[in-house]
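Structure first, then comments.
The values are calculated or read from the model by the stated rules, or taken from the named source; none is laboratory data. The structure displayed is predicted, hence computed values, not measured ones. Glycine gets a Cβ as well: all are built from the backbone with ideal geometry, and neighbour counts include every protein chain shown. When the accessible area is computed, the model is the full protein with side chains, heavy atoms only, and any ligands, DNA or RNA have been set aside. Shrake-Rupley method; radii C 1.70, N 1.55, O 1.52, S 1.80 Å.
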Protein chains: 2
Amino acid sequence: MKQYRATLDFLLQHWLRLDELFSRERFADHSQDTVTSVLDTCERLARDKFAPFNRLADTEEPHFDGERVHLPQATHEAARAYAASGLLAAAQPYEVGGMQLPFTVQLAANGFFKQASIAISAYGMLTSANANLLMAHGTPRQREVFAKNEFAGRWFGTMCLSEPQAGSSLSDITTRAVPDGDAFEADPLGPRYRLTGNKMWISAGEHEITENIVHLVLAKIPGPDGRLPPGTRGISLFIVPKRLVDAEGRLTGERNDVALAGLNHKLGYRGTTNTLLNFGEGWHLPQGAAGAIGYRVGAPGQGLRCMFHMMNEARIGVGWGAVMLGCAGFEASLDYARHRTQGRPVGPAGKDPATPPVPLIAHADIKRMLLAQKAYAEGGVALAVYCARLVDEQHTGTPEAAEEARLLLEVLTPIAKSWPSEWCLEANSLAIQVHGGYGYTRDFPVEQHWRDNRLNMIHEGTHGIQALDLLGRKVVMDGGAGLKLLAAKVSETAQRAGHVEGLAEYGNTLAAALQRVGAATKSAWATGVPEDALANATPYLQAFGHLVLAWLWLDVALAACAAVPLPEPRRQGTLSAMRYFFDHELPKIDAWLRPVAARNTLARDMRDEWF
Amino acid sequence: MKQYRATLDFLLQHWLRLDELFSRERFADHSQDTVTSVLDTCERLARDKFAPFNRLADTEEPHFDGERVHLPQATHEAARAYAASGLLAAAQPYEVGGMQLPFTVQLAANGFFKQASIAISAYGMLTSANANLLMAHGTPRQREVFAKNEFAGRWFGTMCLSEPQAGSSLSDITTRAVPDGDAFEADPLGPRYRLTGNKMWISAGEHEITENIVHLVLAKIPGPDGRLPPGTRGISLFIVPKRLVDAEGRLTGERNDVALAGLNHKLGYRGTTNTLLNFGEGWHLPQGAAGAIGYRVGAPGQGLRCMFHMMNEARIGVGWGAVMLGCAGFEASLDYARHRTQGRPVGPAGKDPATPPVPLIAHADIKRMLLAQKAYAEGGVALAVYCARLVDEQHTGTPEAAEEARLLLEVLTPIAKSWPSEWCLEANSLAIQVHGGYGYTRDFPVEQHWRDNRLNMIHEGTHGIQALDLLGRKVVMDGGAGLKLLAAKVSETAQRAGHVEGLAEYGNTLAAALQRVGAATKSAWATGVPEDALANATPYLQAFGHLVLAWLWLDVALAACAAVPLPEPRRQGTLSAMRYFFDHELPKIDAWLRPVAARNTLARDMRDEWF
């Protein structure tokens, strides 16, 4: 975690100028000192309570004895220690028990836990996200009873969106919510419904870490004809607690009808329970009637809107997990390469077997793989903290700055989610490769990183969904305002690089790449027909992501050149990673943009029977 | 396996013209009918005895009770059924119990077993490779006693190269072999030595499937000063049976001093035991003395040469495993995409949620991922059978043709090994992606394919080693003769495409790509300094591999256009996969060649402390 911490300190202080936030009213109590102290605490907690048990959480997979789900004791202790630290509400205001820290700091602090154990960290992350949503859309009572108890770590939370037959296509969910008779209006916790249906892929859906679990559930309210409204507009949002509580948040002693139908056995991320939950199947009859009791959040039909209000942060969070796994693999393989000896470098006279073997890191190809990991993982750190900084700007900046941040975030979020999930997975593969055969064994941590990271291209919207979001919505919305704004930022960095010795050529390369992405965007939409534009949305997403990362690397390199004093190894390392990205990675965009610009119809035209 | 079989039949009959081989003396007893019958048998055997137990072999990992290694009963039965079928000696002459089949047919037939269960199939593959080596380099007695009993499936074999401290760098092995006193010259099984040392990563190194295990072990014979000779030239090769046998191949009842030091617990390939073996540590005292008894094969110091004699076939075999895992994932995800419904395609008016969901395969992005898998996996099939056909040519062609085949094989082998291990792994990742969340669970086979396939970039020479072999040796050896020959073949395909409607543009693109690879090769070696050329050997390997695959795809497409009668879906599918490769994949070579051509020094210049 040392490597990550050093990168983080550099980026927050010298690149993002985090100190500028402390002059804002919301963050007035904070300073570089409080940030340092929060990061120190988290680094220690992650190192002591999470990292030593990451492998254990993988091998001792959650199991269900028919009544309870069992997790390693270490997972209970780590999750509770995290809750006890107050981090669940780190960015929340004081009045709900929060620390009122910038979101950027919360994200940075959470990085340590994700690096130490992505699976154990998920319980806390989901709980924060759930409670944050309630803070934005719940009634005062819902916030008081549910959100505050989650922030306090008394209860943990989940997000219940997918169903066995409806993953990417939420419009097809069939979980049903009907008003609960007289209780509909009489319950102080909100408009009360009875829910029936099945929810799939629910992380942290069942466990005994906390006395209660607060499920946030998407469901449809049937129309007067008893039929569920089609499409996403018919979706509403409900709080469905595992155990019923009264208006003061006390457990009533009654079980709600939320039943574990099964645990999913996964490739990775095994320390997080992942469940199929049945709502209202009759395992329990809360208050003597059928159906799981749920309290509506927000207006009917506004469920997806409420969920999507938090979506940017949730998606940045998924990308952030991918980044931190990338950092974990990078650190592990860097350490291995420094200490393991093997072979001799190629010299002018070949190799001299009489000389002793050298550390792996002396080989050019090993350094290439470490540089690639550095470029992916630390580039990912820059991407995530940049986006987090925009979230802070959106919430606490001037109206103008806030609007600009919002627009940029719209365009960058699919990248923040997808890019690390693809390239930090590749980093994890390279970390295995640096270890050779040892990396393929479970005696080293890198194979687990790779398995854990494979999830990130799937959950919270698959790669394909992110691609449709980017090319189908984000770059064209508001007349392309988001794209124009991003282009202005990229151009500005390219121009600044033009005035710095050694960086000018990279500025020109970046400007040219921006041109090509812009031209391909236009070509894709030239006919105005969505099928034409979107058939190659995924390669577009890949090219766009690499452009964004090249921009950020050059921007970070500018900061490294400007920052005084900066230790020479940090400056050289930053410049080398930037150059690696420009020399080896950025040129890939042409291959991705080619089918986009040509509106290549190959995939569309392909027929089932031709496979 | 249906998909693979159909592709195979097309490639062998319409592209490779396998029937031409049957006019050669060695294969005179064979015909298309015998080939069909062998393939039918293998397909059935793989389907019945291997495929149903692939997951079991993964979950019931080998375990050691202190005395014996336990494997699932199904693994025993599958391995024995394979041996009983006679396939271990499929390409061997009749006089040693072989079927005298073309190597191409043996490889093709083995594909079914690799697709069905790569881990279970490894026992047989290793045994064949071991016995083949003895056929080439053993004494008549060694062949009679060891090779024949392996071909008969009575004993299985291993290859013991790596040591805990020496994997890629075989020159650093320290296993020691000293002449065994008077027995050195008196043992009919060969010059007898006593071996001491440790061997790591030994697949099938311990099991109870067969009554004996024949280890082929690399070790060094100390010089007069008692020191081991440095470098690879000091390496010799030894047969070290687990249990001692007499000159007639009967077990003497005595255990040799080969002891299991531990099982490696791997990310994938779990059904194959992988071991650390101790030789001569004193667990047993065979014939009353210390040291494992071993019989030298070939001359002293010629061990690596003997091993490398089989290396092309072994490396093609590793790539072939990667290909067949790619085929396995492709078939599984194609099947899933045809039957799983989700969402609606984007239409001119967006999506209509009132219409029923469509099968996944109706979405352009899903078809893109299936096309990519088809291009990778079936391209890999073409690559492997092409190389296998060259092996046959090398062994049974005219002297001129044999020499040409040898040269081509030298250049193509690093590609046949590395390209599938990288891109069919990517295919497996796409197979997971097509499945969405389900693909991330162990309820579907695709996550196991992906885990299993990750090994192939590591064993039998890592990616980096293949890259040094290609750019450092193969493209420059014999004054570049191999590269020139390959270039002539590629040009010839490009020219033929020029005369076929619809293919001419691909011919031009291929010729241009060949030019760029040639120019980059020259630039890389322009200074004549190996460090300059080889610093970017891995991107060179990647570009070279994509060029080779583009060439093969165009050549296969030409065959599909020429072949009559060919079902239209096969022709369209072949053309679509070829186009996919040219539209989406081949353009990537420019990004890889750039640092090669520039002799980019970034990785070389990077310093440890800058990370």
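Looking only at residues in the range B:595-611 that are in a helix (DSSP H, G or I), in contact (Cβ under 8 Å) with a residue 12 or more places away in the chain and facing another protein chain (nearest Cβ under 8 Å), the one that is most open to solvent (accessible area, probe 1.4 Å) is B:Arg604. When the range B:469-499 is filtered for residues that are buried (at least 24 other Cβ atoms within 10 Å of the Cβ) and closer than 23 Å to A:Ala349 by Cα, the ones remaining, listed by number, are B:Leu470, B:Leu471, B:Lys474, B:Val475. Restricting attention to the range A:392-406, does a residue exist that is in a helix (DSSP H, G or I), open to solvent by less than 10 Å² (accessible area, probe 1.4 Å) and of a type in the set (A, V, I, L, M)? The answer is yes, given that some residue of the range A:392-406 is in a helix (DSSP H, G or I), open to solvent by less than 10 Å² (accessible area, probe 1.4 Å) and of a type in the set (A, V, I, L, M).
For the condition within 11 Å of another protein chain (Cβ to nearest Cβ), out of contact with any Phe, Trp or Tyr (no Cβ under 7 Å at 6 or more places or on another chain) and polar (S, T, N, Q), B:Thr398 does not qualify. Based on what the data block shows, is A:Leu409 within 14 Å of another protein chain (Cβ to nearest Cβ) and aliphatic (A, V, I, L, M)? No, not satisfied. In the range A:324-346, which residue that is facing chain B (nearest Cβ under 8 Å) and touching an Asp or Glu at 6+ places or on another chain (Cβ under 7 Å) is modelled with the lowest pLDDT? By that ranking, first place goes to A:Val346. Scanning the range B:350-384 for residues being facing chain A (nearest Cβ under 7 Å) and touching a Lys or Arg at 6+ places or on another chain (Cβ under 6 Å) gives a total of 2.
Per-residue answers, yes or no, for (1) assigned to a loop (DSSP other than H, G, I, E, B); (2) crowded, with 18+ Cβ neighbours inside 10 Å; (3) over 24 Å from the mean Cα position of the chain (by Cα):
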| residue | (1), (2), (3) |
| --- | --- |
| B:Asp225 | yes, no, yes |
| B:Leu237 | no, yes, no |
| B:Val240 | no, yes, yes |
| B:Ala247 | yes, no, yes |
| B:Thr252 | no, no, yes |
| B:Ala259 | no, yes, yes |
| B:Gly262 | no, no, yes |
| B:Gly268 | yes, yes, no |
| B:Gly271 | yes, yes, no |
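Check whether at least one residue in the range B:94-105 is among the hydroxyl-bearing types (Ser, Thr, Tyr), open to solvent by 20 Å² or more (accessible area, probe 1.4 Å), over 22 Å from B:Ala384 (Cβ atoms) and touching a Leu at 6+ places or on another chain (Cβ under 8 Å), and report yes or no. Looking for residues that are among the hydroxyl-bearing types (Ser, Thr, Tyr), open to solvent by 20 Å² or more (accessible area, probe 1.4 Å), over 22 Å from B:Ala384 (Cβ atoms) and touching a Leu at 6+ places or on another chain (Cβ under 8 Å), one finds none in the range B:94-105, hence no. The single condition from (1) touching a residue at least 40 places away in the same chain (Cβ under 8 Å); (2) hydrophobic (A, V, I, L, M, F, W, C); (3) in a helix (DSSP H, G or I) that B:Met159 fails is (3). The set of residues in the range B:451-468 being open to solvent by 20 Å² or more (accessible area, probe 1.4 Å) and either of a type in the set (Asp, Glu) or free of Cβ contacts under 8 Å to residues at least 12 places away in the same chain (or both) consists of B:Glu460 alone. When A:Gln466, A:Gln515 are screened for being in a helix (DSSP H, G or I) and within 13 Å of chain B (Cβ to nearest Cβ), only A:Gln466 passes. In summary, B:Pro565 fulfils each of the numbered conditions (1) part of a helix (DSSP H, G or I); (2) more than 9 Å from chain A (Cβ to nearest Cβ); (3) open to solvent by 20 Å² or more (accessible area, probe 1.4 Å) with the single exception of condition (1). Here A:Thr355 meets each of (1) within 21 Å of A:Val556 (Cα to Cα); (2) of a type outside the set (Gly, Ala, Ser); (3) outside any helix (DSSP H, G or I) with one exception, condition (1). The set of residues in the range B:437-450 that are assigned to a helix (DSSP H, G or I) and surrounded by fewer than 23 Cβ atoms within 10 Å (Cβ to Cβ) comprises B:Gly437, B:Tyr438. Among the residues of the range A:158-198, those identified as of a type in the set (Asp, Glu) and within 14 Å of chain B (Cβ to nearest Cβ) are A:Glu163, A:Asp172. The residues in the range A:337-393 that are more than 30 Å from A:Leu547 (Cα to Cα) and hydroxyl-bearing (Ser, Thr, Tyr) can be counted, and the count is 2. Among the conditions (1) more than 9 Å from every other protein chain (Cβ to nearest Cβ); (2) touching a Lys or Arg at 6+ places or on another chain (Cβ under 9 Å); (3) closer than 28 Å to B:Arg368 by Cβ, A:Phe581 misses just one, which is (2).
When every residue of the range B:523-539 is checked against the conditions, at least one turns out to be touching a residue at least 60 places away in the same chain (Cβ under 8 Å), in a helix (DSSP H, G or I), more than 11 Å from chain A (Cβ to nearest Cβ) and buried (at least 24 other Cβ atoms within 10 Å of the Cβ). Taken together, the criteria exclude B:Asn264 from residues that are closer than 23 Å to B:Arg154 by Cα, within 10 Å of chain A (Cβ to nearest Cβ) and either without any contact (Cβ under 8 Å) to a residue 60 or more places away in the chain or not hydroxyl-bearing (Ser, Thr, Tyr) (or both). So for the range A:202-223 (the condition being surrounded by 24 or more Cβ atoms within 10 Å (Cβ to Cβ), of a type in the set (Lys, Arg) and within 21 Å of A:Ala119 (Cα to Cα)), does at least one residue qualify? Checked against the condition, which is being surrounded by 24 or more Cβ atoms within 10 Å (Cβ to Cβ), of a type in the set (Lys, Arg) and within 21 Å of A:Ala119 (Cα to Cα), the range A:202-223 yields no hits at all.
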